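K.L.:
Would you mind keeping the following structure in view while I ask a few things?
The values are calculated or read from the model by the stated rules, or taken from the named source; none is laboratory data. Everything quoted here is computed from the prediction, not taken from an experiment. Backbone-built Cβ (ideal geometry, glycine too); neighbour counts: all protein chains shown.
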Amino acid sequence: MRVRIFFLSYGPQSGRSLTTQRVLNAFSNFGDDMVRSSGIGEFATSWPLFGNPFPANYGAALNIVAQRGWAFQQHSLSLAEDQFIASAFETVNKTIPIADLRWSDAHVPSIDQTTVNRLKAIGAGMRSIRSAI
């Protein structure tokens with residue numbers, strides 16, 4: 001079994017400052033083939049769980065992740081979240097190309113083809129996790 005560590009940046013002190021501390025105080029891709037620090041995820045800031053608004057500091061947090069060259073994975077549960085993620089990824093990509101950073105939107109239970117095309121256009125990936133019932 002191999003372990004890939006993605007540092008979660010969600011909690012009472014979430015935001016750019018916590019994300020900044022994560023990327024400045026850990027080494028990206030540190031480790032070996034068995035255990036390796038791989039990126040930031042499943043969140044980079046607080047997230048609109050249970051109907052909360054989208055975080056205003058999300059773009060700033062993603063910028064620091066991209067500036068430091070880290071992989072990133074955002075977990076989503078709705079089309080609105082997928083569209084918000086795609087917009088944020090597109091904004092970061094304008095100044096820091098993300099195609100080689102291995103960024104992705106995960107779960108995507110209700111993503112539409114338009115949003116898939118937007119993510120594909122900037123080189124972002126998707127991970128669909130569906131149960132086999």
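K.L.:
Where the second residue is surrounded by fewer than 16 Cβ atoms within 10 Å (Cβ to Cβ) and the first is at pLDDT below 85 and lies in the stretch 113-133, which pairs have Cβ atoms under 9 Å and are six or more apart or on separate chains?
P.N.:
128/109; 129/109; 130/109
K.L.:
Filter the stretch 44-87 for residues that are without any contact (Cβ under 8 Å) to a residue 40 or more places away in the chain, surrounded by fewer than 22 Cβ atoms within 10 Å (Cβ to Cβ), out of contact with any His (no Cβ under 7 Å at 6 or more places or on another chain) and of a type in the set (A, V, I, L, M, F, W, C) and give the result.
P.N.:
Passing the criteria: 47, 49, 50, 54, 56, 66, 79, 80, 84.
K.L.:
If only one of 45, 91 is β-branched (Val, Ile, Thr), at pLDDT 95 or above and in contact with a helix residue (DSSP H, G or I) (Cβ under 7 Å, 6 or more places away or on another chain), which one is it? Even if it seems obvious, please write down each step before you answer.
P.N.:
Numbers: 45 fails: at pLDDT 95 or above.
Criteria check complete, one pass: 91.
K.L.:
A further question follows. What is the residue count in the stretch 48-62 for residues that are in a loop (DSSP other than H, G, I, E, B) and either at pLDDT 85 or above or of a type in the set (Lys, Arg) (or both)? If you could, list the steps in order and put the result at the bottom.
P.N.:
As a first pass, look at the stretch 48-62 and keep what is in a loop (DSSP other than H, G, I, E, B): 48, 52-57.
Imposing the further condition that a residue be either at pLDDT 85 or above or of a type in the set (Lys, Arg) (or both) reduces the set to 53-57.
Residues that pass the stated criteria total 5.
K.L.:
When you scan the stretch 88-107, how many residues do you find that are part of a helix (DSSP H, G or I) and surrounded by fewer than 19 Cβ atoms within 10 Å (Cβ to Cβ)? Please lay out each step first, then the result.
P.N.:
Just the residues of the stretch 88-107 that are part of a helix (DSSP H, G or I), to begin with: 88-95, 99-101.
Subsequent filtering for residues that are surrounded by fewer than 19 Cβ atoms within 10 Å (Cβ to Cβ) retains 90-91, 94-95, 99-100.
Adding up the residues that qualify gives 6.
K.L.:
Still on this model: Give me the pairs: first residue in the stretch 91-110 and over 12 Å from residue 123 (Cβ atoms) and charged (D, E, K, R), second residue modelled with pLDDT of 95 or more and part of a loop (DSSP other than H, G, I, E, B), beta-carbon distance under 7 Å, and six or more apart or on different chains, which are they?
P.N.:
105/124
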